[in-house]
């Protein structure tokens with residue numbers, strides 16, 4: 001019997017998935033959670049074999065919840081189930097220990113089989129997501145050759161404002177635009193504008209590439225590059 005917990009911020013989705021899984025003879029939903037923090041608490045309480053985890057949830061998103069659960073309960077399997085086939089989320093989820101990444105519009109029979117296969121130790125990923133992941137991994141392999149010269153910013157008298165520094169730190173932590181906006185009490189549109197300015201200063205429009213460059217910049221001994229630009 002595969003015992004599981006379902007975490008999703010939508011009650012209709014939680015209840016629907018619970019009913020579907022409980023109709024299967026070899027599956028049982030022990031509890032449901034409406035946010036990532038509650039999912040962690042339920043894993044601690046029930047110690048399920050598997051968690052079906054949404055990404056976008058309040059209090060703690062699915063990626064952070066996955067990270068916490070895998071840290072404290074490494075034997076718990078986690079399948080990310082979401083509507084978003086986004087490369088950044090795919091990579092982040094897998095790096096934090098997820099056993100698969102599934103889309104909510106997949107047929108029920110394939111969902112059930114994915115859960116069964118995951119419980120046997122298989123990495124679950126639809127073709128659409130596997131293709132996106134392959135492209136992103138190809139990009140990541142190329143970043144090892146990425147040449148980033150922090151002196152270029154210094155020589156061109158480019159610096160970051162205090163607000164940009166704060167946003168940069170949150171980007172490096174892996175926060176989404178919405179999470180950054182909530183943290184600094186600004187609109188998501190304003191955050192996008194700030195990030196566009198940051199992209200322009202370092203010369204890239206790719207978020208992952210930008211984060212890699214910014215991490216390298218922050219690791220430089222010449223911290224004057226991150227001083228306040230009045």
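This table checks each residue for (1) in a helix (DSSP H, G or I); (2) under 20 Å from residue 203 (Cα atoms); (3) modelled with pLDDT under 85.
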| position | (1), (2), (3) |
| --- | --- |
| 101 | no, no, yes |
| 118 | yes, no, no |
| 130 | yes, no, yes |
| 138 | yes, no, yes |
| 141 | yes, yes, yes |
| 151 | yes, yes, yes |
| 159 | no, yes, yes |
| 163 | yes, yes, no |
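Looking for something more than 17 Å from residue 5 (Cα to Cα), over 13 Å from the mean Cα position of the chain (by Cα), modelled with pLDDT under 90 and assigned to a helix (DSSP H, G or I) - is there at least one such residue anywhere in region 120-127? Talk me through it step by step, then tell me what you get.
Our first condition is that a residue be more than 17 Å from residue 5 (Cα to Cα); within region 120-127, this holds for 120-127.
Still in the running and over 13 Å from the mean Cα position of the chain (by Cα): 120-127.
After this cut, where a residue has to be modelled with pLDDT under 90 as well, the list is 120-127.
Cutting the leftovers down to assigned to a helix (DSSP H, G or I) gives us 127.
Yes: one or more hits.
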- Residue pairs within 9 Å by beta carbon, gap of at least six or interchain, first lying in region 38-50 and in contact (Cβ under 8 Å) with a residue 60 or more places away in the chain, second part of a helix (DSSP H, G or I), listed first then second, are 49/119; 50/115; 50/118; 50/119
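Among the residues of region 179-188, count how many are within 18 Å of the chain's Cα centre (by Cα) and without any contact (Cβ under 8 Å) to a residue 24 or more places away in the chain. If you could, list the steps in order and put the result at the bottom.
Of all residues in region 179-188, those within 18 Å of the chain's Cα centre (by Cα) come to 179-183, 188.
With the extra rule that they be without any contact (Cβ under 8 Å) to a residue 24 or more places away in the chain, the set shrinks to 180-183, 188.
Counting residues in region 179-188 that are within 18 Å of the chain's Cα centre (by Cα) and without any contact (Cβ under 8 Å) to a residue 24 or more places away in the chain gives 5.
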- Count - residues of region 189-205 that are within 15 Å of residue 172 (Cβ to Cβ) and within 22 Å of the chain's Cα centre (by Cα): 6
- Query: If we scan region 22-35, do we find a residue that is touching a helix residue (DSSP H, G or I) at 6+ places or on another chain (Cβ under 8 Å) and either assigned to a helix (DSSP H, G or I) or under 16 Å from residue 100 (Cα atoms) (or both)?
  - Reply: no
- Task: Return yes when residue 186 is in a loop (DSSP other than H, G, I, E, B), modelled with pLDDT of 85 or more and not assigned by TED's automatic domain parsing to the domain that holds residue 55 and no when it is not.
- Result: yes
- Hey, among 6, 55, 69, 80, which residue is in contact with a strand residue (DSSP E or B) (Cβ under 7 Å, 6 or more places away or on another chain), in a loop (DSSP other than H, G, I, E, B) and crowded, with 19+ Cβ neighbours inside 10 Å? 55
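Is it the case, given these coordinates, that residue 46 is crowded, with 20+ Cβ neighbours inside 10 Å and at pLDDT 95 or above?
Numbers: crowded, with 20+ Cβ neighbours inside 10 Å: no; at pLDDT 95 or above: yes.
Here the answer is no, as residue 46 does not meet what is asked.
The values are calculated or read from the model by the stated rules, or taken from the named source; none is laboratory data. All figures in this text were calculated on a predicted structure; none of them were measured in a lab. Quick reminder, even Gly has a Cβ in these numbers, built from the backbone with ideal geometry, and neighbours come from all protein chains shown.
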